[in-house]
């Protein structure tokens with residue numbers, strides 16, 4: 001832990017290692033991004049990509065980078081960061097490493113909203129909007145069901161798992177009701193895909209991140225750190241426990257819903273990024289900023305792999321995050337078991 | 001008791017969880033600079049009272065007053081600078097070191113641009129020294145023994161620098177030597193630092209030995225309050241705990257010592 005102090009009595013505390021992890025992951029994400037911008041049917045070297053980014057290059061290169069590849073990359077970065085931030089908040093609020101939106105049912109709720117639009121027919125904008133509404137509605141329902149003199153960790157997880165199971169059933173039913181062509185499109189959406197994402201997808205997510213990230217990172221992070229000690233201890237330290245939990249749950253549900261609206265319910269990033277960040281920083285406490293950069297790097301890397309792993313055959317990014325995230329989870333459980341912590 | 005004698009107390013409190021009423025019309029006062037101990041049988045409402053006094057449970061009627069004002073009208077952070085609490089169970093985050101955990105006690109004194117002042121550093125060092133955990137500063141809390149860990153949590157509460165400190169069963173789960181160690185520590189904090197301490201204790205003899213003020217509760221009512229020597233009598237123990245006993249002088253301290261009646265009397269009369 002290092003401290004910066006000014007003569008005026010101001011002081012800032014930070015962990016050099018966490019700072020390093022955050023910067024490292026951000027660099028990695030930038031590197032992946034550079035490769036992603038340069039690869040495709042029209043390959044470009046990193047130098048050409050950089051020149052095009054700052055306004056040079058041929059009109060064709062301009063179009064390919066700015067209109068085709070950059071929106072997809074930005075969407076990937078934002079979705080990764082938003083999911084990681086939401087996952088970190090959920091995991092610390094419920095004090096359980098499995099407390100991620102995929103498991104608590106918020107992701108399934110967003111899917112239900114989107115599938116309703118697929119069945120009834122509607123534009124992709126309507127689909128994104130319905131995903132947000134579905135996620136938020138599920139969040140409200142879970143909160144109401146889990147409420148008993150406040151909402152506590154275990155009850156939230158158990159209610160969330162129940163709601164997730166119900167919604168998975170509903171989603172299956174909706175898929176059988178959808179016209180065949182639409183059902184195929186819906187399955188692709190349900191896997192989580194960045195294919196063909198434009199600025200219209202990235203915009204709303206960027207807006208919500210600009211509002212919520214400072215609220216969570218600056219406004220709530222110190223209190224969230226105290227929440228780790230238990231509700232009683234946090235409350236004794238002057239944390240308004242109930243209000244904080246409500247605000248943070250709302251913020252995390254919004255982030256997940258908007259991320260799902262932009263790219264579909266990309267699995268496992270919200271679960272894995274916080275773990276990875278914690279392991280790398282070796283710091284107790286919610287490692288919010290390192291988690292966000294790790295999440296962004298993870299998703300951009302996964303999307304690159306999804307586009308390039310099989311020549312001429314693109315995968316939806318959700319397939320890759322599922323395989324990587326699931327594998328990491330199994331490995332983690334095995335390691336923890338061997339260390340006797342599970 | 002005159003109101004001027006007490007910074008913390010409750011008047012006509014009704015305490016309830018959901019619809020289950022634990023206590024009705026309960027009035028208590030914590031004398032300033034006292035080491036107040038609340039005793040009573042299981043489920044008599046003593047921990048509930050402590051939760052109400054520490055702002056964690058809102059009374060359904062009546063009010064907890066801190067410095068003459070309803071504690072629920074005061075901002076949480078302001079309360080946390082006046083009144084500290086050692087909860088019955090707290091969670092030490094994975095891998096956190098002793099110094100880092102104790103430092104979290106400074107939270108109510110910190111701000112966005114004042115995250116770690118020299119004052120914070122000094123208070124944390126002092127709190128660790130006062131509880132004898134300064135040698136453990138860099139050790140992970142998960143590796144400590146139960147007694148050491150409890151001292152670390154007390155150090156965290158001390159770092160909060162509150163004139164009032166509430167402790168909810170601080171000796172539970174500790175062996176006898178560590179129980180005495182923690183109680184000696186509390187007595188020292190009370191005497192040397194002039195803090196007002198309020199503790200819920202299970203062991204009547206510990207309470208009688210360490211408290212300067214005792215509150216005996218049963219079924220959500222205060223049965224007796226006052227100095228241990230006047231409160232702890234055979235009649236009161238029979239009334240509060242339903243336990244026949246004799247009360248003798250503690251040979252070490254002269255405070256009351258409760259000796260439960262034997263199931264079968266010894267052949268030589270005492």
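The values are calculated or read from the model by the stated rules, or taken from the named source; none is laboratory data. Given the structure is predicted, the values throughout are model-derived calculations rather than measurements. Cβ atoms come from the backbone with ideal geometry, glycine included; neighbour counts cover every protein chain shown.
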Which residue is farthest from the other protein chains (Cβ to nearest Cβ), if the candidates are limited to the stretch A:242-252 and must be crowded, with 21+ Cβ neighbours inside 10 Å and closer than 15 Å to residue A:225 by Cβ? A:248
Just for the stretch B:211-241: of the residues that are touching a residue at least 40 places away in the same chain (Cβ under 8 Å) and surrounded by 24 or more Cβ atoms within 10 Å (Cβ to Cβ), which one is nearest to residue B:41 (Cα to Cα)? B:217
Output for Cβ contacts, cut-off 7 Å, separation at least six or different chains, first residue facing chain A (nearest Cβ under 9 Å) in the stretch B:102-115, second in a strand (DSSP E or B), reads B:114/A:11; B:115/A:11; B:115/A:12; B:115/A:13
Which ones in the stretch B:64-81 are in a strand (DSSP E or B) and either over 20 Å from the mean Cα position of the chain (by Cα) or within 8 Å of chain A (Cβ to nearest Cβ) (or both)? B:69, B:70
Of the residues that sit in the stretch B:168-217 and are in a strand (DSSP E or B) and in contact with a helix residue (DSSP H, G or I) (Cβ under 6 Å, 6 or more places away or on another chain), which one is farthest from residue B:250 (Cα to Cα)? B:168
Search the stretch A:194-208 for residues being under 20 Å from residue A:253 (Cα atoms) and buried (at least 20 other Cβ atoms within 10 Å of the Cβ), and hand back the single one that is farthest from the other protein chains (Cβ to nearest Cβ). A:201
Of all residues in the stretch A:137-170, which are modelled with pLDDT of 90 or more and surrounded by fewer than 20 Cβ atoms within 10 Å (Cβ to Cβ)? A:137, A:140, A:141, A:161, A:162, A:165, A:166, A:168, A:169, A:170
Options A:26, A:18; residue that is crowded, with 18+ Cβ neighbours inside 10 Å, part of a helix (DSSP H, G or I) and within 14 Å of chain B (Cβ to nearest Cβ): A:18
Identify, by number, the condition in (1) without any contact (Cβ under 8 Å) to a residue 40 or more places away in the chain; (2) more than 22 Å from residue B:27 (Cα to Cα); (3) surrounded by 15 or more Cβ atoms within 10 Å (Cβ to Cβ); (4) touching a helix residue (DSSP H, G or I) at 6+ places or on another chain (Cβ under 7 Å) that residue B:244 doesn't meet. (3)
Residue that is farthest from residue B:80 (Cα to Cα) [pool: residues in the stretch A:223-240 that are in a helix (DSSP H, G or I) and touching a helix residue (DSSP H, G or I) at 6+ places or on another chain (Cβ under 7 Å)]: A:224
Going through A:33, A:22 one at a time, which residue ends up being over 17 Å from residue A:71 (Cβ atoms) and either free of Cβ contacts under 8 Å to residues at least 60 places away in the same chain or under 29 Å from the mean Cα position of the chain (by Cα) (or both)? A:22
Is there a residue being in a helix (DSSP H, G or I) and crowded, with 22+ Cβ neighbours inside 10 Å anywhere in the stretch B:82-97? no
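Yes or no, residue by residue, for (1) surrounded by fewer than 17 Cβ atoms within 10 Å (Cβ to Cβ); (2) in a helix (DSSP H, G or I); (3) in contact (Cβ under 8 Å) with a residue 60 or more places away in the chain:
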position	(1), (2), (3)
A:77	no, yes, yes
A:83	no, yes, yes
A:130	no, yes, no
A:173	yes, yes, no
